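The values are calculated or read from the model by the stated rules, or taken from the named source; none is laboratory data. What you are looking at is a predicted structure, and each value in this text was computed from that prediction instead of being measured. Note that we place each Cβ from the backbone using ideal geometry, even for glycine, and neighbour counts take in every protein chain shown.
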Number of protein chains: 2
Amino acid sequence: MRVDHLRRIGALRRKLTRAGLPGLLVTHLPDVRYLCGFSGSSAALAITRRSVRMFTDGRYTTQATEEVQSPRIDVEIATTAAATAAAQWLAAQPGVGAAGFDPNHTSVAELTRLKEGLPARLRKSFFTPLPAPLVETLRLIKDDEELVIMRQAALMGCKLFDHILPIIRPGLKEVEVAAELEYKARLMGAEGMSFETIVASGSRSAMPHGNASTQPLPRQGFVTLDFGIIHKGYCSDMTRTVHLGTPTARERNAYYAVFEAQEAGVAAVSSGVSSGDVDEAARSVLRREGLAEAFSHSTGHGVGLEIHEAPRIGAKQKARLQAGMVVTIEPGVYLPGEFGVRIEDMVTVTRTGAEILTPATKALIELY
Amino acid sequence: MRVDHLRRIGALRRKLTRAGLPGLLVTHLPDVRYLCGFSGSSAALAITRRSVRMFTDGRYTTQATEEVQSPRIDVEIATTAAATAAAQWLAAQPGVGAAGFDPNHTSVAELTRLKEGLPARLRKSFFTPLPAPLVETLRLIKDDEELVIMRQAALMGCKLFDHILPIIRPGLKEVEVAAELEYKARLMGAEGMSFETIVASGSRSAMPHGNASTQPLPRQGFVTLDFGIIHKGYCSDMTRTVHLGTPTARERNAYYAVFEAQEAGVAAVSSGVSSGDVDEAARSVLRREGLAEAFSHSTGHGVGLEIHEAPRIGAKQKARLQAGMVVTIEPGVYLPGEFGVRIEDMVTVTRTGAEILTPATKALIELY
């Protein structure tokens, strides 16, 4: 499926016009990629009502030509920093007396440098911080091209889970499990992992972010696997917790409490529901089980070109879900010194509920 | 080797005192890790002349206790964003009427939020942008603990190159080469790769940043391998370009021009020499060969907890190298539509020259 970047830029221009801005400087790389397809590590996009121009440096001459396919998007190989070149170009456009920039992704020092690159008369007034993120707001709602890719990405994650299950056994190191997952991911065509793979076993499973260590998997205990791949720029994210040996009653109860909380969270997802209500749906199950304290993070987050993007699914968040958002639902319980359990799906918000993108089983898997 | 974080904090405090600042907010994660050992993804450090306090969130309770070992560094699990909590704590310390922050790693929006979290009377005056990066300046010169780790990291990279050589053959996809490298890296104990592995073969080698694609390796042509691992938080970085089949005279000439330029760059490295002179030493060789235009990037960069850090080794850079810096020397030539060659070592600057950390051969390797 060919991505229609001009449609995205058109939608952005309508937002720009509404904000009364004749120009926009885009420097956050996932935003640049979303708007023009360029995936290099140095880029800035300058957008006016008439033109779009992407700036990168000499390392990317070939790649920029390959990736930026729309004839309406100009590419310029800059000899200064891409953002500086883009800012200067914007300021030189006739009728462009001001431009927005994203204060969330522009450092204090970068803004100073950008201003210093402008003619003196423009330094004070030219750049306006966007009152709300414009491109990130567009990216919140995935278009059809994105949903196709994200479904594929999530299914690749599920396949990896299927692949790793028969490999998990006591004595194998956590990093060896991670290595297997990542190797297989590459062979399946993933561009890379979307974050550092978490393999946390035994008492380490009580660390919500326990990156794979050299600790061998125990004979008895949980193994939490939280991993994601990058496919065509888009991230997948899923977590399953399996058990080596027979779980104790306490482990089993905790597992099913998380399982129930996770399903309640997914069941609460629907266009128009607030993120806080989804969080509460999951959290209230754990509270009822006396595990409220053990659930020490929020319920989920948006996913897309970035592994963590808007919206946040946390307590008391008022923002409402909208159809086309892709979010994770990932409650967990963590009992330091004992064990932890987390279960996570990626779902697309629909008009009437949620489409689960990660259909791997959530039943308690015991491995021997 | 146990890392002496208090020594690093002591050196930082001397810089703070010289800058006339009673407090410092550190939010850049590699800086936080350098100063206290914590490696989680959410953290801020507040430093005054008397106290150091690290803020993170509830996901990291266990990990923070494990990693922050000095009893002189307090750990606080914050219920707000770590940086906000750290800013508020700083502002509440007696005698701390101002604090520095790093304008290179603080977004415009973040600074606004931090100020809004302070009592109204402090909002305008409390935070001062550091005139020069303090922690990054410390990190420029690697201490003995760091050099031990970085030597290990670089040698792990060389081992990977040895491992991959007999595997490279026509028809294997670039991503399969990357997968093998990354799998082996994990099994060797790497925490991950320090950047997206570059495997660029045939005409793709003309892309300085050609991430591994699904293209099969050709029967005839260059394969550029640029990769690095993370070991105990530290990055390695090396590039070798090998040839499948017998190189043409043009390929051979380009290879040896880059080889000579790279050796000239390394030979120019020494404490007291300017970065610009090192760049020129490499660049002048390629200029003499008529390849100046084909060398479209700078000669190298610092490496450490980040894959790209200060100093930059580029044309006309005036800053002088100092003993203990670790930098890459990586000239290349790129002939779009034809081929590219890059050779890169990681070296430590010494009082009298350079210690090469990546001693893998740079002779032209032909594989059949």
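In this structure, does B:PHE259 turn out to be in contact (Cβ under 8 Å) with a residue 60 or more places away in the chain and either part of a helix (DSSP H, G or I) or touching a Leu at 6+ places or on another chain (Cβ under 9 Å) (or both)? Lay out the reasoning, then the answer.
Working: in contact (Cβ under 8 Å) with a residue 60 or more places away in the chain: yes; either part of a helix (DSSP H, G or I) or touching a Leu at 6+ places or on another chain (Cβ under 9 Å) (or both): yes.
Considered against the rule, which asks whether it is in contact (Cβ under 8 Å) with a residue 60 or more places away in the chain and either part of a helix (DSSP H, G or I) or touching a Leu at 6+ places or on another chain (Cβ under 9 Å) (or both), B:PHE259 comes out as yes.
Tell me which of these A:PHE55 doesn't satisfy, since it passes every other one: (1) within 20 Å of A:PHE101 (Cβ to Cβ); (2) assigned to a loop (DSSP other than H, G, I, E, B); (3) away from every other protein chain (no Cβ under 12 Å).
Status for A:PHE55: all satisfied but (2).
Return only the number of the condition from (1) over 23 Å from the mean Cα position of the chain (by Cα); (2) under 23 Å from B:GLY221 (Cβ atoms); (3) within 13 Å of chain A (Cβ to nearest Cβ) that B:LEU114 does not satisfy.
(2) is the only condition that B:LEU114 fails.
When residues of the stretch B:231-250 are filtered for being closer than 14 Å to B:LYS159 by Cα, outside any loop (DSSP other than H, G, I, E, B) and in contact with a strand residue (DSSP E or B) (Cβ under 7 Å, 6 or more places away or on another chain), how many remain? Walk me through how you get there before you give the answer.
Going through the stretch B:231-250, the residues closer than 14 Å to B:LYS159 by Cα turn out to be B:231, B:236-240.
Add one more test, that the residue is outside any loop (DSSP other than H, G, I, E, B), and what stays is B:231, B:238-240.
Next, only the ones that are in contact with a strand residue (DSSP E or B) (Cβ under 7 Å, 6 or more places away or on another chain) stay: B:238-240.
The qualifying residues number 3.
Filter the stretch A:327-346 down to the residues that are farther than 15 Å from A:PHE295 by Cβ and surrounded by 24 or more Cβ atoms within 10 Å (Cβ to Cβ), then identify the one that is farthest from the chain's Cα centre (by Cα).
Here is the first cut: in the stretch A:327-346, the residues farther than 15 Å from A:PHE295 by Cβ are A:327, A:337, A:345-346.
Next, only the ones that are surrounded by 24 or more Cβ atoms within 10 Å (Cβ to Cβ) stay: A:327, A:345-346.
Values: A:VAL327: 9, A:ASP345: 13, A:MET346: 11 Å.
Ranking the qualifying residues of the stretch A:327-346, first place goes to A:ASP345.
Output the residues belonging to the stretch B:58-84 that are farther than 27 Å from B:HIS231 by Cβ and assigned to a strand (DSSP E or B).
Selection gives B:ASP74, B:GLU76, B:ILE77.
Across the stretch B:281-304, which residue is nearest to B:GLU263 (Cα to Cα) among those that are surrounded by fewer than 20 Cβ atoms within 10 Å (Cβ to Cβ) and away from every other protein chain (no Cβ under 14 Å)?
Taking the candidates together, the pick is B:SER284.
Take the residues of the stretch A:201-236 that are within 12 Å of another protein chain (Cβ to nearest Cβ), farther than 30 Å from B:HIS209 by Cβ and buried (at least 20 other Cβ atoms within 10 Å of the Cβ): which is modelled with the lowest pLDDT?
Filtering first and then ranking leaves A:GLY210.
Please count how many residues of the stretch B:315-328 are farther than 30 Å from B:SER203 by Cβ, in contact (Cβ under 8 Å) with a residue 60 or more places away in the chain and not aliphatic (A, V, I, L, M).
Counting residues in the stretch B:315-328 that are farther than 30 Å from B:SER203 by Cβ, in contact (Cβ under 8 Å) with a residue 60 or more places away in the chain and not aliphatic (A, V, I, L, M) gives 2.
Exactly one of these conditions fails for B:ILE313: (1) farther than 26 Å from B:LEU165 by Cα; (2) among the β-branched types (Val, Ile, Thr); (3) surrounded by fewer than 21 Cβ atoms within 10 Å (Cβ to Cβ). Give me its number.
Among (1) farther than 26 Å from B:LEU165 by Cα; (2) among the β-branched types (Val, Ile, Thr); (3) surrounded by fewer than 21 Cβ atoms within 10 Å (Cβ to Cβ), the lone unmet condition for B:ILE313 is (3).
Which of the residues belonging to the stretch B:114-147 are among the charged types (D, E, K, R) and surrounded by 14 or more Cβ atoms within 10 Å (Cβ to Cβ)?
Taking the stretch B:114-147 first, the residues among the charged types (D, E, K, R) are B:115-116, B:121, B:123-124, B:136, B:139, B:142-146.
Listed by number, the residues that qualify are B:LYS115, B:ARG123, B:GLU136, B:ARG139, B:LYS142, B:ASP143, B:GLU145, B:GLU146.
I'd like the residue in the stretch B:66-81 that is in contact with a strand residue (DSSP E or B) (Cβ under 7 Å, 6 or more places away or on another chain) and of a type outside the set (A, V, I, L, M, F, W, C) and, out of all such residues, is surrounded by the fewest Cβ atoms within 10 Å (Cβ to Cβ). Outline the logic, then answer.
First, the residues of the stretch B:66-81 that are in contact with a strand residue (DSSP E or B) (Cβ under 7 Å, 6 or more places away or on another chain): B:68, B:72-78.
Imposing the further condition that a residue be of a type outside the set (A, V, I, L, M, F, W, C) reduces the set to B:72, B:74, B:76.
Working: B:ARG72: 10, B:ASP74: 15, B:GLU76: 16.
Filtering the stretch B:66-81 for residues that are in contact with a strand residue (DSSP E or B) (Cβ under 7 Å, 6 or more places away or on another chain) and of a type outside the set (A, V, I, L, M, F, W, C), the one surrounded by the fewest Cβ atoms within 10 Å (Cβ to Cβ) comes out as B:ARG72.
List the number of the failed condition for B:GLY290; all other conditions in (1) within 22 Å of the chain's Cα centre (by Cα); (2) in a loop (DSSP other than H, G, I, E, B) hold.
The number of the failed condition is (1).
Scanning for something more than 7 Å from chain A (Cβ to nearest Cβ), over 24 Å from the mean Cα position of the chain (by Cα) and at pLDDT 95 or above, does the stretch B:192-200 turn up at least one residue? I'd like the intermediate steps shown before the answer.
The first filter runs over the stretch B:192-200 and keeps only residues more than 7 Å from chain A (Cβ to nearest Cβ), leaving B:193-195, B:197-200.
Imposing the further condition that a residue be over 24 Å from the mean Cα position of the chain (by Cα) reduces the set to none.
Scanning the stretch B:192-200 turns up no residue that is more than 7 Å from chain A (Cβ to nearest Cβ), over 24 Å from the mean Cα position of the chain (by Cα) and at pLDDT 95 or above.
Here are B:ALA46, B:ALA87: which of them is small (Gly, Ala, Ser) and either outside any helix (DSSP H, G or I) or touching a Cys at 6+ places or on another chain (Cβ under 9 Å) (or both)? Full working, then the answer.
Numbers: B:ALA87 fails: either outside any helix (DSSP H, G or I) or touching a Cys at 6+ places or on another chain (Cβ under 9 Å) (or both).
Exactly one residue qualifies, and that residue is B:ALA46.
Exactly one condition in (1) in contact (Cβ under 8 Å) with a residue 12 or more places away in the chain; (2) within 14 Å of chain B (Cβ to nearest Cβ) is not met by A:THR62; state its number.
Tallying (1) in contact (Cβ under 8 Å) with a residue 12 or more places away in the chain; (2) within 14 Å of chain B (Cβ to nearest Cβ), A:THR62 fails exactly one: (1).
Looking only at the stretch A:305-314, which residues are over 8 Å from the mean Cα position of the chain (by Cα) and without any contact (Cβ under 8 Å) to a residue 60 or more places away in the chain?
A:ARG312, A:ILE313, A:GLY314 - these are the residues of the stretch A:305-314 that are over 8 Å from the mean Cα position of the chain (by Cα) and without any contact (Cβ under 8 Å) to a residue 60 or more places away in the chain.
Looking only at the stretch B:82-107, count every residue that is more than 9 Å from chain A (Cβ to nearest Cβ), surrounded by fewer than 20 Cβ atoms within 10 Å (Cβ to Cβ) and either out of contact with any strand residue (DSSP E or B) (no Cβ under 8 Å at 6 or more places or on another chain) or of a type outside the set (A, V, I, L, M) (or both) and tell me the total.
7
Looking only at residues that are in contact with a Ser or Thr (Cβ under 6 Å, 6 or more places away or on another chain), surrounded by 21 or more Cβ atoms within 10 Å (Cβ to Cβ) and under 19 Å from A:ASN211 (Cα atoms) in the stretch A:148-174, which one is nearest to the other protein chains (Cβ to nearest Cβ)? Even if it seems obvious, please write down each step before you answer.
Narrowing the stretch A:148-174 to residues in contact with a Ser or Thr (Cβ under 6 Å, 6 or more places away or on another chain): A:153-154, A:157-158, A:173-174.
Narrowing further to those that are surrounded by 21 or more Cβ atoms within 10 Å (Cβ to Cβ): A:153-154, A:157, A:174.
From the residues that got through so far, the ones that are under 19 Å from A:ASN211 (Cα atoms) too are A:157, A:174.
Working: A:GLY157: 16, A:GLU174: 10 Å.
Filtering first and then ranking leaves A:GLU174.
Just name the residue that is nearest to the other protein chains (Cβ to nearest Cβ) out of those in the stretch B:37-50 that are within 22 Å of B:ALA98 (Cα to Cα) and touching a helix residue (DSSP H, G or I) at 6+ places or on another chain (Cβ under 9 Å).
Kept after step one, since they are within 22 Å of B:ALA98 (Cα to Cα), are these residues of the stretch B:37-50: B:43-50.
Now restrict to residues that are touching a helix residue (DSSP H, G or I) at 6+ places or on another chain (Cβ under 9 Å): B:43-49.
Values: B:ALA43: 12, B:ALA44: 16, B:LEU45: 18, B:ALA46: 19, B:ILE47: 19, B:THR48: 22, B:ARG49: 25 Å.
Looking at the filtered set, the residue picked out is B:ALA43.
I need a count of the residues in the stretch A:40-62 that are surrounded by fewer than 20 Cβ atoms within 10 Å (Cβ to Cβ) and out of contact with any Pro (no Cβ under 7 Å at 6 or more places or on another chain).
Start the filter on the stretch A:40-62 by keeping residues that are surrounded by fewer than 20 Cβ atoms within 10 Å (Cβ to Cβ), which leaves A:41-42, A:49-51, A:53, A:58, A:61-62.
Now drop any that are not out of contact with any Pro (no Cβ under 7 Å at 6 or more places or on another chain), which leaves A:41-42, A:50-51, A:53, A:58.
The number of residues fulfilling the criteria is 6.
What about B:ILE307, is it within 20 Å of B:ALA154 (Cα to Cα), modelled with pLDDT of 95 or more and surrounded by 22 or more Cβ atoms within 10 Å (Cβ to Cβ)? So that I can check it myself, show each step before the final result.
On the way: within 20 Å of B:ALA154 (Cα to Cα): yes; modelled with pLDDT of 95 or more: yes; surrounded by 22 or more Cβ atoms within 10 Å (Cβ to Cβ): no.
No.
In the stretch B:38-54, which residues are within 17 Å of B:ALA11 (Cβ to Cβ) and in contact with a Lys or Arg (Cβ under 8 Å, 6 or more places away or on another chain)?
Matches in the stretch B:38-54: B:LEU45, B:ILE47, B:ARG49, B:VAL52.
Any residue in the stretch B:329-344 that is more than 25 Å from B:HIS308 (Cα to Cα) and in the same structural domain as B:GLU280 (by TED's automatic domain parsing) sitting within a Cβ distance under 7 Å of a residue that is among the polar types (S, T, N, Q) and crowded, with 24+ Cβ neighbours inside 10 Å? List the pairs, counting only those 6 or more apart or interchain.
B:PHE339/B:SER205
If the requirement is being within 21 Å of the chain's Cα centre (by Cα) and touching a residue at least 60 places away in the same chain (Cβ under 8 Å), which of these qualifies: B:GLY221, B:GLY302? If you could, list the steps in order and put the result at the bottom.
Numbers: B:GLY221 fails: within 21 Å of the chain's Cα centre (by Cα).
One residue alone meets the criteria, B:GLY302.
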